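> I have a structure here, written as structure tokens, and I will follow up with some questions on it.
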Amino acid sequence: MIATGGYRKYLAFFGKRNVGKSSLINALVGQDVSIVSDVPGTTTDPVYKSLEIHPIGPVTVVDTPGVDDVGELGELRVKRALKAMYKADIAILVVDQRWNEYEDWLIEQFIKMDLPFVIAVNKIDQSWNTSEIEPKVSPYPHCFVSGLKKTGIEDLRRLISENLPQEEDIPLLSDLIEAGETVLLVVPIDLGAPKGRLIMPQVEAIREVLDREALCLVVKERELRWALQMMKEAPSLVVADSHLISRIAADVPDEIPLTTFSILEARHKGDLVEMVKGIKRVEELTPESKIMIMEGCSHAPLVEDIGRVKIPRWLSNHIGGGLSFEIRAGRDFPEDIGEIDLIIHCGGCTLTRAMMMRRIREARRRGIPIVNYGVLISYLHGVLERVLRPFPDAHTIYIEEIEGVTHEN
Ligand SMILES: Nc1nc2c(ncn2[C@@H]2O[C@H](COP(=O)(O)OP(=O)(O)OP(=O)(O)O)[C@@H](O)[C@H]2O)c(=O)[nH]1
Ligand SMILES: [Mg+2]
């Protein structure tokens, strides 16, 4: 099922053993989802519970084992708790009066991973002196609660809701053009094209041009030159399909802004700058490198499938052979990802922006560079600099961080 407006947020609870994580979760969700006991280390595996919490909306609450767990098994549990951080949208650090290096360490991880977090100071019913903990928690969003007595739970809900990151809306192309201008879309009708229709990014692009009160001309690649000759004024933007981009770039005069549907999609659905940064890794690859091709949906592979055939071929040619490719398709970020040097993600046409951003964040938190099909294809065809020109942020990153160290030809 495709999550659209009702995108489920991951709320992950962290803290030492026995601070009351499970009790607080039960109080927050109003059900006994997690076992509570005074034995430290009661929660041994992350517990996931999906439900609706007002005013936050649909969420998955994740209870984790205490991070101060000891011994070999303890270490394993800590690892599993940390894994929950990779995919969390927000972390809730549960503490009681015993603040020590574990809390400092957890906060350090959240900051390093760019994971928003709030602090719930628990067991406030035990009437201890909170003035000692105030300086520790006051730099961060925090509240005082009792999981046992179920007090302060409303404050915690509000705090979580206020600190959950909101995804901004980024258009496909309407911010790149003015009313009255013309956009030229170059759409291949080849074996990869669906029968009798256009694909989503093409349809969305047409719609955005119309909404912008601009003109849209749609042609196949063979009619491109003719269209350009016919136009009295040059188009203010040409958008072409990635895998034809080197031919199209040769046909479109250098002064006309040119980009690809995939680049537009990478910005609209994710983080173009992050994808451009990922290109740096391409030049560090060796024949032994491991690549993960990640697809957002499972489609029946085509004979000349872009992710399974063309990209591996182009990239292997670029590196000079070798490389191992693993393909993962589906909605969830794979858990057992192993040692991976680079993730190459599809355009994510069936994913929402929020879903795509989560995958990008997770890759970043795991320290794995990520690029997408569109950015990589343009790079491997030697036209990335050109197709990034309409996007000053990403173009600057390319010039400053990539151009000097890579071999775009
Ligand atoms: N007085 C008081 N006791 C609490 C509160 N919250 C939890 N406790 C008690 O603290 C003990 C541990 O609670 P849990 O919720 O199991 O703690 P946990 O953090 O999930 O512990 P682990 O799963 O072992 O990591 C239990 O005996 C709870 O009854 C609270 O707000 N006040
Ligand atoms: Mg627990």
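> Which ones in the range 236-251 are outside any helix (DSSP H, G or I) and surrounded by 23 or more Cβ atoms within 10 Å (Cβ to Cβ)?
Val238, Val239, Ala240, Asp241
> Still on this structure, please answer the following. For Ser146, work out the one condition from (1) of a type in the set (Ser, Thr, Tyr); (2) open to solvent by 10 Å² or more (accessible area, probe 1.4 Å); (3) under 15 Å from Ala27 (Cα atoms) it doesn't fulfil.
Looking at each condition in turn, Ser146 falls short on (2).
> Something else about it: From the list Ile133, Ile153, which one is of a type in the set (A, V, I, L, M) and within 16 Å of Phe13 (Cα to Cα)?
None of the other options fit; the residue is Ile153.
> Please specify each residue of the range 49-67 satisfying the condition of being surrounded by fewer than 21 Cβ atoms within 10 Å (Cβ to Cβ) and either part of a helix (DSSP H, G or I) or not hydrophobic (A, V, I, L, M, F, W, C) (or both).
Lys49, Ser50, Glu52, His54, Pro55, Gly57, Pro58, Thr60
> Could you say whether any residue in the range 4-23 is open to solvent by 20 Å² or more (accessible area, probe 1.4 Å), part of a loop (DSSP other than H, G, I, E, B) and near ligand 1 (Cβ under 8 Å from one of its atoms)?
Yes, that holds for at least one residue.
> Further question on the same structure: Identify, from the list Glu204, Glu181, Glu167, Glu223, the residue that is more than 23 Å from Ala266 (Cβ to Cβ) and open to solvent by 50 Å² or more (accessible area, probe 1.4 Å).
Glu223
> Shifting gears a bit: Of Arg80, Arg98, Arg197, Arg157, which residue is out of contact with any Ser or Thr (no Cβ under 7 Å at 6 or more places or on another chain) and either at pLDDT below 90 or crowded, with 17+ Cβ neighbours inside 10 Å (or both)?
Arg80
> Next up: Of (1) within 24 Å of Pro139 (Cα to Cα); (2) in contact (Cβ under 8 Å) with a residue 24 or more places away in the chain, Glu101 satisfies all except one. Which?
Looking at each condition in turn, Glu101 falls short on (2).
> Determine whether Asp104 is charged (D, E, K, R), modelled with pLDDT under 90 and either surrounded by fewer than 17 Cβ atoms within 10 Å (Cβ to Cβ) or not assigned by TED's automatic domain parsing to the domain that holds Phe144 (or both).
Against the criterion (charged (D, E, K, R), modelled with pLDDT under 90 and either surrounded by fewer than 17 Cβ atoms within 10 Å (Cβ to Cβ) or not assigned by TED's automatic domain parsing to the domain that holds Phe144 (or both)), Asp104 does not qualify.
> Take the range 68-90 and flag every residue that is assigned to a loop (DSSP other than H, G, I, E, B) and not hydrophobic (A, V, I, L, M, F, W, C).
Result: Asp68, Asp69, Asp89.
Condition check ((1) within 16 Å of ligand 1 (Cβ to nearest atom); (2) more than 30 Å from Arg222 (Cα to Cα)) across all residues:
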position	(1), (2)
Asn122	yes, yes
Ser127	yes, yes
Glu134	no, yes
Ser174	no, no
Glu181	no, no
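> Moving on to the next point. For the range 94-120, which residues satisfy the criterion of being within 13 Å of ligand 1 (Cβ to nearest atom) and in contact with a helix residue (DSSP H, G or I) (Cβ under 6 Å, 6 or more places away or on another chain)?
Val94, Val95, Ala120
> Here's another thing I want to ask about it. Could you tell me whether the range 312-325 includes any residue that is open to solvent by less than 50 Å² (accessible area, probe 1.4 Å) and under 18 Å from the mean Cα position of the chain (by Cα)?
No, that holds for no residue.
> Filter the range 24-38 for residues that are out of contact with any Asp or Glu (no Cβ under 8 Å at 6 or more places or on another chain) and within 16 Å of Val121 (Cβ to Cβ); which is surrounded by the most Cβ atoms within 10 Å (Cβ to Cβ)?
Leu24
> Follow-up question, since we're still on this one. Pairs, please: C-beta under 6 Å, at least 6 apart or cross-chain, first residue in the same structural domain as Arg157 (by TED's automatic domain parsing) and in the range 30-51, second within 11 Å of ligand 1 (Cβ to nearest atom) and open to solvent by 80 Å² or more (accessible area, probe 1.4 Å)?
Listed by first residue and then by second, the contacts come to Thr42/Ile35.
> Please tell me if Val309 is open to solvent by less than 60 Å² (accessible area, probe 1.4 Å), among the β-branched types (Val, Ile, Thr), in contact with a helix residue (DSSP H, G or I) (Cβ under 8 Å, 6 or more places away or on another chain) and not in a loop (DSSP other than H, G, I, E, B).
Answer is no for this residue.
> Out of contact with any strand residue (DSSP E or B) (no Cβ under 6 Å at 6 or more places or on another chain), more than 13 Å from ligand 2 (Cβ to nearest atom) and of a type in the set (Val, Ile, Thr), is that true of Ile35?
Against the criterion (out of contact with any strand residue (DSSP E or B) (no Cβ under 6 Å at 6 or more places or on another chain), more than 13 Å from ligand 2 (Cβ to nearest atom) and of a type in the set (Val, Ile, Thr)), Ile35 does not qualify.
> With respect to Ala81, determine if the residue is within 16 Å of ligand 1 (Cβ to nearest atom), of a type outside the set (Phe, Trp, Tyr) and closer than 22 Å to Thr352 by Cα.
Spelling it out, it is not the case that Ala81 is within 16 Å of ligand 1 (Cβ to nearest atom), of a type outside the set (Phe, Trp, Tyr) and closer than 22 Å to Thr352 by Cα.
> I would also like to ask the following. Checking Asp271 against (1) under 13 Å from the mean Cα position of the chain (by Cα); (2) without any contact (Cβ under 8 Å) to a residue 24 or more places away in the chain; (3) surrounded by 17 or more Cβ atoms within 10 Å (Cβ to Cβ), only one condition comes out false. Which one?
Tallying (1) under 13 Å from the mean Cα position of the chain (by Cα); (2) without any contact (Cβ under 8 Å) to a residue 24 or more places away in the chain; (3) surrounded by 17 or more Cβ atoms within 10 Å (Cβ to Cβ), Asp271 fails exactly one: (2).
The values are calculated or read from the model by the stated rules, or taken from the named source; none is laboratory data. Just so it is clear, the structure is predicted and the values come from calculations on it, not from any experiment. A quick note on method: Cβ atoms are made from the backbone with ideal geometry, for glycine too, and the neighbour counts reach across all protein chains shown. The protein model used for the area step is the full one, side chains on, heavy atoms only, and it has no ligands, DNA or RNA in it. Shrake-Rupley method; radii C 1.70, N 1.55, O 1.52, S 1.80 Å.
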